[in-house]
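What follows is one structure encoded as structure tokens, with my remarks underneath.
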Amino acid sequence: MAALKSHESNAAFVLEQQALAPVQPAALDQLLLTTRDSRPGYGTPPTRARAAHCTSPSHGALGNPWSCVVRYPRPPSVRYQVIVHADRSISGFGQPVAGPLLHPALSISGCCVERLRSY
């Protein structure tokens, strides 16, 4: 029990034990396409994202942290810093890529990044 207890907060250990597939950028892009524009004054009527592009400098299974640019129908796009959790849910925060900074920053959360199959 002590050996397992010492690894409880180790994300790599959890991933290995759960045999989770690595997060693919395209899968995260697809999840972000389901988001609605939450910028003040931009979401009426509610509009969904038109495009999303995520990149990660990490080679770990979860790829954290991710940098994702989401394009909504009305400019400017929003750049989010996204964390993928071991259960494949996401959370993060962002700011428009142009114009004034928003206070508080925009937040994003959701579930869950799909596992892409390779054929």
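Observations on the structure shown:
- Residue 91 among the hydroxyl-bearing types (Ser, Thr, Tyr) and under 13 Å from residue 31 (Cβ atoms): yes
- When 67, 38 are screened for being surrounded by fewer than 16 Cβ atoms within 10 Å (Cβ to Cβ), touching a residue at least 24 places away in the same chain (Cβ under 8 Å) and of a type in the set (Gly, Ala, Ser), only 38 passes.
- Selected residue (criterion: modelled with the lowest pLDDT) from residues of the range 7-24 that are of a type outside the set (S, T, N, Q) and within 13 Å of residue 88 (Cα to Cα): 15
- Taken over the range 90-106, the criterion of being in contact with a Gly (Cβ under 8 Å, 6 or more places away or on another chain) and touching a residue at least 40 places away in the same chain (Cβ under 8 Å) is satisfied by 90, 106.
- Test for residue 72: is it open to solvent by 40 Å² or more (accessible area, probe 1.4 Å) and at pLDDT below 95: no
- Among the residues of the range 75-89, those that are open to solvent by 20 Å² or more (accessible area, probe 1.4 Å) and either closer than 27 Å to residue 22 by Cβ or in contact (Cβ under 8 Å) with a residue 40 or more places away in the chain (or both) comprise 77, 79, 81, 83, 85, 86, 87, 89.
The values are calculated or read from the model by the stated rules, or taken from the named source; none is laboratory data. Computed from a prediction, not measured in an experiment: that's the story for all the values here. Glycine gets a Cβ as well: all are built from the backbone with ideal geometry, and neighbour counts include every protein chain shown. SASA here: full protein model, heavy atoms, side chains in, ligands and nucleic acids out. Shrake-Rupley method; radii C 1.70, N 1.55, O 1.52, S 1.80 Å.
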